[in-house]
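What follows draws every value from the coordinates through simple rules; no lab data is involved. These figures come from a predicted structure and were not determined experimentally. No Cβ is skipped: glycine too gets one built from the backbone with ideal geometry, and neighbour counts run over all protein chains shown.
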Amino acid sequence: MKDELTARDFAVLQKNRLFQGLSGETLQYALDFFSAVPKRYEKGEFLHRVGSRMTRFGLVLSGRVQVHMDDIDGNPIIMANVTEGNTFGESMCFLEIEEEPVTICAATGVKVLWLSTEEIKRMPGGGTGNSHSLTLRFITLLTEKTLAMNDRIQILSKKSLRGKLIVFFSQCAHQYGSDTFTLPFNRNEMAAYLGADRSALSRELAKMQEEGILQFYKEKFRLMKRTEED
């Protein structure tokens, strides 16, 4: 079902590159420029299915969204875990790929602000004034997302599960600015994110805790010492 933007939603918008620092008429112009439409989804509901074209990209106003892609053997891998204030699907929407190879679903109950890139595509030379500024913001957002994909490549390129975990936890510590952090997903989701077997993941985590590399309880982790990955 469709919804309206609340005061809390506007506060969340300020966290994102596209709308950061905007207010009043300028913010409303930006929402109109991207043809913003808020919508709620229940946990487990699909926002996008494999093989269909993505005509808009989304900004998570509340809850959590996951982007899945199957590996060569048909096993699902979580390519992105999108939390509040972050976006998904920008490049797929902008490039107008006819058959997207990903599935996007609600990991929790979510509220998403759907945004269009049609105005950007129509603007000659990137437009002028506010439209030009918003186009530059969108390009910057795309660039940051491209750089962020390097993190996924670093994880998936590791041969061993231990290597993947070390890189993953190091990235988390950097992202949260602390060696203690709470992950936004459970063990099954973590295994899918790492491209690993759930049982093997549990065994490796237990070994790493025994060796004093980390401590954990449920989704809360503390990285005790850094080690060399493979």
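Here are the numbers for this structure:
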| read-out | value |
| --- | --- |
| Table column - 3J(HN,Hα) (Hz), the stretch 37-47, Karplus curve with 6.51, -1.76, 1.60, x for Gly and Pro | 9, x, 8, 9, 9, 7, 4, x, 6, 7, 9 |
| The chain: relative contact order in percent, alpha carbon pairs under 8 Å with at least 6 residues between | 20 |
| Dipole magnitude (debye, nearest 20) for the chain, charges at Cβ of Lys, Arg, Asp, Glu | 520 |
| Separation of the residue 42 and residue 186 label points, Cα + 7 Å toward Cβ, nm | 1.8 |
| Potential extension, residue 175-residue 197 segment - 0.36 nm per residue separation minus Cα distance | 5.4 nm |
| Phi-based couplings in Hz for the stretch 175-185 (Karplus 6.51, -1.76, 1.60; Gly and Pro marked x) | 5, 8, x, 7, 7, 10, 7, 10, 6, x, 8 |
| Relative contact order [Cα under 8 Å, 6+ residues apart], the stretch 161-223, whole percent | 40 |
| Extension gain, residue 71 back to residue 9 (0.36 nm per residue minus Cα-Cα distance, nm) | 18.8 nm |
| Acute angle (nearest 10 degrees) that the helix 129-156 long axis makes with the longest principal axis of the chain, alpha-carbon atoms | 20 |
| Sequence-distant residues sharing a close amide H with residue 62 (under 5 Å, placed H) | 111 |
| Mean Cβ neighbour count within 10 Å, used as a protection proxy, ranking 100-106, 32-38 highest first | 100-106, 32-38 |
| Nearby lysines by direct alpha-carbon distance to residue 159 (threshold 16 angstrom, same-chain neighbours under 8 apart not counted) | none |
| Karplus-derived 3J(HN,Hα), 6.51/-1.76/1.60, for each residue of the stretch 74-86, Hz, glycine and proline x | x, 7, x, 10, 7, 7, 8, 10, 9, 9, 3, x, 10 |
